[in-house]
1. Using modelled backbone amide H atoms (1.01 Å from N, in-plane), which distant-in-sequence or interchain residues come within less than 5 Å of His98's amide H?
2. Where does helix 47-60 land angle-wise versus the long Cα axis of the chain, in degrees 0 to 90, nearest 10?
3. Note the per residue figure in Å³ for the convex hull of the C-alpha positions in the stretch 25-110.
4. The chain: percent of C-alpha pairs farther apart than 18 Å?
5. Taking the alpha-carbon distance from Lys9 and a cut-off under 19 Å, which aspartates and glutamates remain once sequence neighbours fewer than 8 residues away in the same chain are dropped?
Amino acid sequence: MEAFASTIKAQQFALSVWDMSPSQTNIPYIYYFKNPNSDPADDFMPSGRLRASFLKALEEFPILVGHIIVGKNGRYLVDVDPHNLNMPEYLESQSTVHFRDLEKARFGWDALPHAATVDVFCAAGVSGVIKLANVNIIRLEKNSGLVLFVSTPHY
């Protein structure tokens, strides 16, 4: 984690009134990936590579590791402090849903395996702090695919 923290510089991002008005809700992004190999032992989208890619993305979007604070002028801002990072929740879970079941359901919301990271409304995570990104990698039954669930508060 120290290597990652060394890539982040201290900075602040001012939030406007428009940023804050819908801030109590999370925006979910859902990506589906089918494993083209039918071998359940296939190392499909290895965990280490996914995690490393996520950290690389955070380097480009450091606002996602900041804390929401009230500035001296009374306005909200996101404060990024490399010595006090607000790391996103990043979980991997296993589902009993097969990729073909998602295809049959035309990837409908009701067919989506339960995402373990976040609900519709913003709430403090396990650490007691609102996370600015939540990620759940959901591995599908028999290694048939993967669902990447990313959620961010509406800032």
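What follows draws every value from the coordinates through simple rules; no lab data is involved. Predicted model only: the values in this text are computed from it and were never measured.
1. Amide H to amide H, under 5 Å and 5 or more residues apart or across chains, His98 pairs with Glu141.
2. The angle comes out near 30 degrees.
3. On the way: hull volume 12.4 nm³, N = 86.
Given the Cα convex hull of the stretch 25-110, per-residue volume reads 145 Å³.
4. Details: 7407 of 11935 pairs.
Result: 62 percent of Cα pairs exceed 18 Å.
5. Glu59, Glu60, Asp79, Asp81
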